[in-house]
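The structure under discussion appears below in the form of structure tokens.
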Amino acid sequence: MSDTAHGKVEDNPKILSGPVLTNSPNAVLSKTLLSRYNDLPLPADKILATYIWIDGSGEHMRCKDRTLNFIPKQPKDLPVWNFDGSSTGQADGHNSDTFLVPRALYKDPFRRGNHLLVMCDTFKYNMEPTETNHRVKCQEAYDKCKDEEPWFGIEQEYILLDSDLRPFGWPPGGFPPPQGPYYCGVGANKVFARDLVEAHYRCCLYAGVPICGTNAEVMPSQWEFQVGPSVGVTAADDLWMARYILHRLAEEYGVIVTFDPKPVQDWNGSGAHTNFSTKKMREENGIIEIEKAIDKLSKVHMKHIKVYDPRGGKDNERRLTGLHETASINDFSAGVANRGSSIRIPRAVAEEKKGYLEDRRPASNCDPYAVVDALMRTCILNE
């Protein structure tokens, strides 16, 4: 296909933002040498904990390690730590110490043993939440409605990029054949980097992230994994940790993960479709509660759009066009088995008259804490 058939990749400034990896041979380490040291016996009382957090962008992640001399059983067992917030867009240089508070523990699939991955949220010097800490409000909302048992399952789409920030496996300077054979495809001419996807699947399950499936998506080098069902704020913890594990694995494979909602014009974008239900929705004739929730969502459409990507809807403007299995960003719609609507009711749900709804509006780079919070507040708390 020619460049003019779909527009040039280079025309999209988002896909070319960020550093391009150097061609220097010293920039890439041998992937085999570390194995010589991974089996070094460590003292039995030394546990390595990786503290992970969301930075000031609201979509990128940071991490750092510390040694513990005990095995923590729950997040509050770990010490509160801090970092230089002026280097992550979360503090001024003259008052840069920013606090890390552990919130969720996962087994470390990279170091294994008793070592841990620790999902944290961030607080300013005065212990007020940072601007990108949406977990606090999400927790507050969940605490008010936990008796309703809000379940979430999030479908995370993403795209893999080569070192030159073009989609992984795409021909230099051009495009692959039009989309059609790639969704759930099989074969070297239809899917790329399945070994990375398989490694991510297994690492997440080992870590304790409830991944329930994965598949190749509509655009070549685009994939999806599904997390859940998880209850309340835990769903967002799980998705952020799955994202971190994916980035870490891609680092080892030498490819780049982008959660940009629309990196290539005229091809399918990436979303984080969010499946949501309450206890009443899952009971007999729960379709009545589902329809009530959809009615509530219809009345605050733009309010939700503003929290469904980190830039208040600006990223989703490129994705929610009414084309490529999306609804228009400006119009609310709902339908049974309709992937061109804002809210989809799965056909099985309509037939069984109970189950869940799928909100197709969240962008792939959304903060799931903000999405989960908004759905609980609108559909359950009537806020």
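What the table below lists for this structure:
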| item | result |
| --- | --- |
| Pairs beyond 24 Å (Cα-Cα), from LYS107/LYS314; LYS76/LYS144; LYS137/LYS296 | LYS107/LYS314 |
| Rel. contact order, % - alpha carbon contacts under 8 angstrom, at least six apart, the chain | 17 |
| Segment 76-144 - Rg and Dmax from Cα coordinates, angstrom | 13.8, 40 |
| Solvent-accessible area of ASP195 with every protein chain in place, 1.4 Å probe, in Å² to the nearest 10 | 90 |
| Volume per residue of the C-alpha convex hull in segment 247-383, rounded to whole Å³ | 119 |
| DSSP bridge orientation in the chain - percent antiparallel, rounded to nearest 5 | 90 |
| Amide H contacts of TYR182 (H built 1.01 Å from N, under 5 Å, at least 5 apart or other chain) | none |
| Space enclosed by the convex hull of the alpha-carbon atoms of segment 124-182, per residue, Å³ | 164 |
| Estimated 222 nm signal from helices in the chain, with DSSP H stretches of n ≥ 4 weighted -39500 (n - 2.57), rounded to 500 | -7000 deg cm²/dmol |
| Exposure of SER230 as accessible area (Å², to 10), given a probe of 1.4 Å and all protein chains | 10 |
| Radius, Kirkwood style, for segment 170-232 when every pair of distinct Cα atoms is counted (Å) | 13.0 |
| Karplus-derived HN-Hα couplings along segment 244-253 (A = 6.51, B = -1.76, C = 1.60, θ = phi - 60°), whole Hz, x at Gly and Pro | 4, 4, 5, 4, 5, 5, 4, 4, 6, 7 |
| Along principal axes, Cα extents of segment 20-142, largest first, whole Å | 45, 41, 29 |
| Fraction in percent of alpha-carbon pairs per bin - 10 Å, the chain | 5, 22, 32, 26, 13, 3, 0 |
| Derived scalar couplings ³J(HN,Hα) [segment 84-97; Karplus, 6.51 cos²θ - 1.76 cosθ + 1.60; whole Hz; x for Gly, Pro] | 7, x, 6, 8, 10, x, 10, 6, 8, x, 7, 8, 9, 5 |
| Average accessible surface area per residue within segment 37-89, 1.4 Å rolling probe, Å² | 58 |
| Carbon and sulfur %, accessible surface of the chain computed with the full protein complex present, 1.4 Å | 51 |
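The values are calculated or read from the model by the stated rules, or taken from the named source; none is laboratory data. The shown structure was predicted, so the numbers you read here are calculated from the model rather than taken from an experiment. Note: accessible area is taken over every heavy atom of the protein model, side chains too, but ligands, DNA and RNA are not part of it. Shrake-Rupley method; radii C 1.70, N 1.55, O 1.52, S 1.80 Å.
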